Amino acid sequence: MRRLFPALLGLAAACTDRPIGEDSETGATTSTTSTATTTTEVPTSGSGEPDTTTEAAEPCLEHSYSDPDPDAWMLTCGLPELCAGDEPLVFITSSDDILDPGEVQVDDLQRARCMAAALRDRSPGQIAWWHVADVVVRLSPVSLEIAGDRALAHSVADNVHGSQPNVHEAVYPLRPPEFFAACAEGDALAVWLCLMDSVEPTCLPGPLACPE
């Protein structure tokens with residue numbers, strides 16, 4: 001099994017890893033995006049010492065903020081809901097270890113498979129699910145907005161002891177279509193692992209590109 005990338009396992013945890021600042025327009029607290037610096041080796045100079053050039057860092061397109069009741073994502077193309085139902089789709093695992101969830105149940109397997117197929121087919125739109133482990137809601141909810149070969153990933157952290165929930169949003173490349181081929185017809189465990197490993201590990205920079 002491929003390593004489940006923490007983009008979805010720890011979207012909410014990322015909120016506590018980044019500095020928080022005040023957003024005067026929305027009243028929400030937003031984080032400063034992280035950057036990476038690339039150093040490239042070039043031929044040696046006349047002194048025999050290698051020269052290096054440092055490229056400009058490209059920021060990750062993301063938002064982290066706290067809001068007691070966020071009514072809309074900050075990072076969205078406003079695409080329609082896919083695989084809709086009357087109630088949120090809920091996965092129930094016997095373990096709270098996402099990497100080793102134990103027994104996995106889902107309240108509508110066909111709907112869950114529909115979400116995997118949407119990722120495979122790059123269907124423009126949003127999918128979302130909830131996770132319950134040991135009768136405790138761990139993530140509520142996880143949402144992916146499919147925009148071509150990338151996904152706008154959203155997650156809300158546990159609201160523990162009445163504290164404000166932490167929201168994290170970022171843009172990631174989707175796994176290739178063949179990654180979703182088997183799980184689109186799989187059982188609850190296969191679909192769960194597929195959804196939770198649906199994006200590549202590298203957060204993408206802006207600007208946000210939405211389907212026309």
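The values are calculated or read from the model by the stated rules, or taken from the named source; none is laboratory data. Here the structure is a predicted model, which means the values were calculated and not measured. All Cβ positions, even for glycine, are placed from backbone atoms using ideal geometry, and neighbour counts span all protein chains on display. Heavy atoms of the whole protein, side chains included, go into the accessibility calculation; ligands, DNA and RNA do not. Shrake-Rupley method; radii C 1.70, N 1.55, O 1.52, S 1.80 Å.
Points to keep in mind about this one:
- Within the range 77-126, considering residues that are assigned to a loop (DSSP other than H, G, I, E, B) and among the hydroxyl-bearing types (Ser, Thr, Tyr), the one surrounded by the most Cβ atoms within 10 Å (Cβ to Cβ): Ser123
- Residue under evaluation Val142, criteria (1) closer than 20 Å to Leu208 by Cβ; (2) modelled with pLDDT of 95 or more; (3) not polar (S, T, N, Q), criterion not met: (2)
- Screening Trp73, Trp129 for residues that are among the aromatic types (Phe, Trp, Tyr), within 17 Å of the chain's Cα centre (by Cα) and open to solvent by less than 20 Å² (accessible area, probe 1.4 Å) leaves exactly one candidate, Trp129.
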